[in-house]
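Questions regarding the structure given below will be posed in turn.
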């Protein structure tokens, strides 16, 4: 782990210790799982699922407690990163008369910083946090350091793959895809490997125009490249399967102040990709629009979230997902957390249960999140929008620990090598 990562952890830990000293980290809300952060360990005491007395409570039991919590006329505050959460305000309040919720729609960084600022001030207003964690930052820097805590309802967790509960309590899963133009390639996707994505023709000309958000500042996409380094053997084996020969390593890592693994196929891919001619576009809809406007004679691919496929039906775009080997991407999870020391611990847990389907999966709370490109994680909730599962679409279950440890080094390598690229936009 890099020095700056360790320093960040120590600073966060010092903040939490300071909060505890001034009364900001009391246990009165029942948020703690009776474990303490241990950032120096390879394995975490925080790996879930972790059950406690709250995990056994039914909706009815939580509802009775929540009514007591809100007798003063207060509301359950939800910090969300999806506007779809706003649709749950009325349905939740109808399902549980007497309870009121307020939902704020912010981006990932905003909700996390809001939780930190409230904890630092000793005035916690938020009760529930919905947030994505694709590189382990949320788990290691906010959960382990005492800002938020996942709630694991035991009856619901019985319907979720235990591996998906390791880093938190998930709401739904998704992944990113490269998109292609289905009119230009009516017989289906023209490539099947990440290596083919960066192929050049006999004259050394790049075969495909590539559109993406800037990798170095897009956490979800950079996490895929970090995962390639962690799964180097898979990438090397796929190269040999495609080309019938072993991968040749061409990267020079001598300029870096940290140890870079030798003959690592993930590092080699990062180097080669950084030297391609890339067009960076910050908006996902514009990325898939670029694919829609491309032709077979001038083919283009774009990396965007799975949900951008809805432009096919909403806007008539001629786009489709490309499913790549050795794996297409990471199974990205949206998580729901309690904010530590929240004022409505029962109401917060009740809202989390409701949003993730309730006891039988039919509460209605998950309905706003059901769309093509979002996959439910419960085995008792029917996927009404996707014909194929994430496993069938070659998504890799996240190893946030490995990605977290590699992320900053991957970012440094990307930024440095991109700056050396002769194709870098001026």
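The values are calculated or read from the model by the stated rules, or taken from the named source; none is laboratory data. In this text, all values refer to a predicted model and were calculated from it rather than measured experimentally. Every residue, glycine as well, gets a Cβ built from its backbone with ideal geometry; the counts of neighbours run over all protein chains shown.
Among the candidates 345, 376, which residue alone is surrounded by 22 or more Cβ atoms within 10 Å (Cβ to Cβ), over 25 Å from residue 102 (Cβ atoms) and in the same structural domain as residue 86 (by TED's automatic domain parsing)?
376
Only one of these is outside any loop (DSSP other than H, G, I, E, B) and crowded, with 23+ Cβ neighbours inside 10 Å: 86, 164, 129. Name it.
Matching residue, one of 86, 164, 129: 129.
Could you please find all residues in segment 208-221 being outside any loop (DSSP other than H, G, I, E, B) and either under 30 Å from residue 137 (Cα atoms) or within 26 Å of the chain's Cα centre (by Cα) (or both)?
210, 211, 212, 215, 216, 217, 219, 220, 221
For segment 398-426, what are the residues that are within 27 Å of residue 159 (Cβ to Cβ), touching a strand residue (DSSP E or B) at 6+ places or on another chain (Cβ under 8 Å) and not in a helix (DSSP H, G or I)?
Residue satisfying the conditions is 398 alone.
Kindly provide the set of residues from segment 172-207 that are assigned to a strand (DSSP E or B) and either within 30 Å of residue 382 (Cβ to Cβ) or out of contact with any strand residue (DSSP E or B) (no Cβ under 7 Å at 6 or more places or on another chain) (or both), ordered by number.
Matches in segment 172-207: 172, 173, 174, 176, 177, 178, 179, 180.
To continue, here is another question. Determine which member of the set 110, 94 is surrounded by fewer than 19 Cβ atoms within 10 Å (Cβ to Cβ), modelled with pLDDT under 95 and not in a loop (DSSP other than H, G, I, E, B).
Matching residue, one of 110, 94: 110.
Mind counting the residues in segment 59-83 that are surrounded by 15 or more Cβ atoms within 10 Å (Cβ to Cβ) and either touching a strand residue (DSSP E or B) at 6+ places or on another chain (Cβ under 8 Å) or not assigned by TED's automatic domain parsing to the domain that holds residue 344 (or both)?
Number of matching residues: 10.
In segment 229-322, which helices (runs of 4 or more DSSP H) lie fully inside it and hold 2 or more residues that are outside the structural domain of residue 82 (by TED's automatic domain parsing), within 26 Å of residue 390 (Cβ to Cβ) and in contact with a helix residue (DSSP H, G or I) (Cβ under 8 Å, 6 or more places away or on another chain)?
In segment 229-322, the matching helices (runs of 4 or more DSSP H) lie at 232-243, 265-274, 284-292.
Here are some conditions: (1) assigned to a loop (DSSP other than H, G, I, E, B); (2) under 18 Å from residue 143 (Cβ atoms). Residue 74 meets all but one. Which one does it not meet?
Every listed condition holds for residue 74 apart from (2).
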